[in-house]
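Worksheet for the structure shown next.
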Amino acid sequence: MLNKLAKLKYSANNFEIIEDGDHVICAVSQKKIPLENLNYWNVEEQEAYFSYIEASIKRDTLTKK
């Protein structure tokens, strides 16, 4: 699997691979995140984030609503 977008279901402590792939896309920065490096996501939004920076940006935008 090279350069294929995965589809995941995020839960509190892990994620389930729904469709095989090797990466997901950050919901904030649109950067490619290899699955082995995926550490940040939002269960309610079902979104992945490249790093704690993007996760913080998203959190800040959600709390402003």
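Please determine, in degrees from 0 to 90 and to the nearest 10, the orientation of helix 52-63 with respect to the longest principal axis defined by the Cα atoms of the chain, where the helix direction is its Cα long axis. Taking the Cα atoms of the chain, the angle to 52-63 is about 50 degrees. Listed peptides 35-41, 57-63, 45-51 appear in the order 45-51, 35-41, 57-63 once ranked by packing, highest mean of other Cβ atoms within 10 Å at the front.
For the chain, lysine pairs separated by 8 or more sequence positions, or belonging to different chains, with Cα-Cα distances below 16 Å total 5.
For Cα Rg over 2.2 N^0.38 Å, one of (1) 2.37; (2) 0.96; (3) 1.08 was computed from the structure I shared and the rest are decoys. Which label? So the structure-derived entry is (3). When peptides 27-33, 14-20 are sorted by average Cβ neighbour count within 10 Å, with the highest value leading, the order is 27-33, 14-20. Cα centroid separation, segment 47-65 to segment 5-25: 18 Å.
Each reported figure results from applying straightforward, stated rules to the coordinates on display, with no laboratory input. Keep in mind that this is a model prediction, so the values were computed, not measured. Backbone-built Cβ (ideal geometry, glycine too); neighbour counts: all protein chains shown.
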